[in-house]
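Engineer: A single structure is presented below for examination.
Each value in this text was obtained by applying a stated rule to the coordinates, not by laboratory testing. Since we're looking at a predicted model, the values are computed, not measured. Note that each Cβ is placed from the backbone with ideal geometry, even for glycine, and that neighbours are counted across all protein chains shown.
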Amino acid sequence: MGLTDKDSGHEWWRHAVTYQIYPRSFADASGDGVGDMLGITTRLPYLRDLGVDAIWLSPFYTSPQHDHGYDVANYCDVDPLFGTLGDADAMISKAHALGLKVIVDLVPNHSSTEHVWFQAALAAGPGSPERARYIFRDSPEGAPEGTPPNNWHSVFGGLAWTQVPDGQWYLHLFDSSQPDFDWRNPEVGDMFVDVLRFWLDRGADGFRVDVAHGLFKEESLRDQVVEEGETPDSGAQTDTSMVERTLRDEPMWDQPEVHDVYRRWHQVLAEYDGDRMFVAEAWTQTPESMARYVRPGEFSQAFNFAWLLASWSAAEFSDVITGTMDALRPVDGSPTWVLSNHDVVRHVTRYGGGAVGLARAKAATMTMLALPGSAYVYQGEELGLPEVEVADEFRTDPLFIRTGQGGRDGCRVPIPWSGTAAPYGFGPGSGQPWIPQPDDWADLTVEAEEADQESTLAFYRAALAARRTFATTAGDDVEILDAGSDVLSFRRGPVTVVLNCGTDPVALPDGEVFLASGPVDGKLPADTAVWLR
Ligand code: GLC
């Protein structure tokens, strides 16, 4: 299959709903309290029945798990915690047999300090070709002892540099266990093409590319320019505080050279059959810079974090839709929509928690599912899971460990499958899993929700089924309708969507309501969305 086919506009991923699996927390077959590959394989029929088209698995590669797999020691093997390569093969074939595509997570910005290359770099010493695969630097000339090469801070807090015993420093935009590769060294690019081929050959349908905007740093490694009194930080990309972010100087992110890498990868993917795809995790500062990642010949898609970062506001949602479509049009890019993932506070909680948060979460999800392009759903959102207040002693996120606050553990609590007490069928044992589940989740299990026609799960199944009938044929045009300041309304093909972000019920336009996120009785209540035709 050649490039022409790939760019034909009919690829599966353009309209797909992809379900994100966080392997540690999805299903535990071995009973050690941590999810695994066999657990995933066993639960795949559930995902087929949910009505998604694809799964994306967060990393399951060999890793010391300092950042739960985003610190990779071997890109071409499975960590024993999750199983074996054979288990991964079995998972991929079962998914394919069920009609599900499989997207794996590729982490090219950094490896683990336990990667053989980094171990060799430490052993080889300053100036060696081994060190040249990472970003090792000395303190600035004449600077007092202990001065790092520049003022950059880690996304997880603290300095972005760690000093090794011979005095050199290595750069890590994340945890000190995650040294950044030097992508200006061609060996690095060649290694990753081999990794791509390794997983493509095993049947992966695509890649989610971690920190896709990070690979290249401004070559001078100059200081970040910050406002007086402001601490440099690399951009709070893994925190919802990013909502507040204004445009800033970011010499560590989104450098033009990064696009050469993706043009090369596009060519590699195009050599394979079956419309293999790749999606960028690129926390860029504007929709226009996001659009550069999906220019022809680069990524298939990029996550649209603007949608996730919008607050509960019809005007904000409307701006994101318009901004997204306007930015993508010139590059003929395919839109994506996402509300939750393993890095952010779950959207039920972001929208206020409790019954109101859940109603809003369902309404926002339904709105997203009507938009052109593809959608990403994070495990557990189909059950309406809220963010969990995890006790400090169970927090393992490096963000928490480095800063003593916050962290992403609360959205990573293991999935409740069945029963009335922890581990709610997550694993075969009776003990709490790696992050304890709350004791009030009995009504949120898959089993309980499958038995309840009014459950969030029943709602997701209905919404995904309804989407299926029109997503591929409704076209990509969205017309935003004038519906007052508290109401978002748009038309796409035969469907009109109305979302009430205000506090009072509003009149509905003419049409037959064929999907609603909550009870609708003549008028559209607050915190509710409908699809009409
Ligand atoms: C991405 C991942 C996040 C991880 C970070 C470093 O943002 O989504 O979970 O911690 O990259 O790899």
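Engineer: Calculate how steeply helix 85-97 sits against the longest principal axis of the alpha-carbon atoms of the chain, using the helix alpha-carbon long axis, and give the answer as 0 to 90 degrees to the nearest 10.
Structural biologist: 30 degrees
Engineer: Residue by residue through the range 142-159, which ³J(HN,Hα) values in whole Hz follow from phi under the Karplus form 6.51 cos²θ - 1.76 cosθ + 1.60 (θ = phi - 60°), with glycine and proline marked x?
Structural biologist: Along the range 142-159, the couplings run x, 6, x, 3, x, 8, x, x, 8, 8, 5, 10, 6, 4, 8, x, x, 5 Hz.
Engineer: May I ask you to sort R346, R202, R492 by Cβ crowding, counting other Cβ atoms within 10 Å and putting the fewest first?
Structural biologist: Least crowded to most crowded, the residues run R202, R492, R346.
Engineer: Please compute the net charge surrounding L200, taking Lys and Arg as +1 and Asp and Glu as -1 over other residues with Cβ under 11 Å from its Cβ.
Structural biologist: -2
Engineer: Tell me the angle of helix 186-201 to the major Cα principal axis of the chain, expressed in degrees between 0 and 90 and rounded to the nearest ten.
Structural biologist: Result, in degrees: 40.
Engineer: With axes computed from alpha carbons, what is the tilt in degrees of helix 456-470 against the longest principal axis of the chain, rounded to the nearest 10 within 0 to 90?
Structural biologist: Around 90 degrees separate the two axes.
Engineer: Using Cα pairs closer than 8 Å and at least 6 residues apart in sequence, work out the relative contact order for the range 243-326, in percent.
Structural biologist: With pairs under 8 Å counted, the relative contact order is 26 percent.
Engineer: What is the chain by shape, rounded, prolate or oblate, if you read a ≥ b ≥ c off the alpha carbon gyration tensor as root eigenvalues and call it rounded for a/c under 1.5, prolate for a/b larger than b/c, and oblate otherwise?
Structural biologist: Prolate, since a/c reaches 1.5 and a/b exceeds b/c.
Engineer: Another question about this same structure. For the chain, give me the percentage of DSSP beta bridges that are antiparallel, rounded to the nearest 5 percent.
Structural biologist: 55 percent
Engineer: Among E228, E145, E271, which comes first, then next, by fewest other beta-carbon atoms within 10 Å?
Structural biologist: With the fewest neighbours first, E228, E145, E271 line up as E228, E145, E271.
Engineer: Determine the relative contact order of the chain: mean sequence separation of Cα pairs under 8 Å and six or more apart, normalised by residue count, in whole percent.
Structural biologist: 13 percent
Engineer: Quick check on packing: order 66-76, 517-527 by the mean number of other C-beta atoms within 10 Å, highest mean leading.
Structural biologist: Ranking, from highest mean packing down: 66-76, 517-527.
Engineer: Tally Lys/Arg at +1 and Asp/Glu at -1 over every other residue whose Cβ is under 11 Å from the Cβ of A73; what's the total?
Structural biologist: With Lys, Arg at +1 and Asp, Glu at -1, the net is -4.
Engineer: Take the Cβ-Cβ distance between L247 and Q453 as r, set R0 to 51 Å, and report the resulting FRET efficiency rounded to the nearest 0.05.
Structural biologist: So, using R0 = 51 Å, E works out to roughly 0.60.
Engineer: What number comes out for the charge environment of A302, summing +1 per Lys or Arg and -1 per Asp or Glu over other residues with Cβ under 13 Å away?
Structural biologist: Net charge in that neighbourhood comes out at -2.
Engineer: Still on this model: What whole number of Å gives the distance from the Cα centroid of the range 151-170 to the Cα centroid of the range 47-103?
Structural biologist: Rounded to whole Å, the Cα centres lie 31 Å apart.
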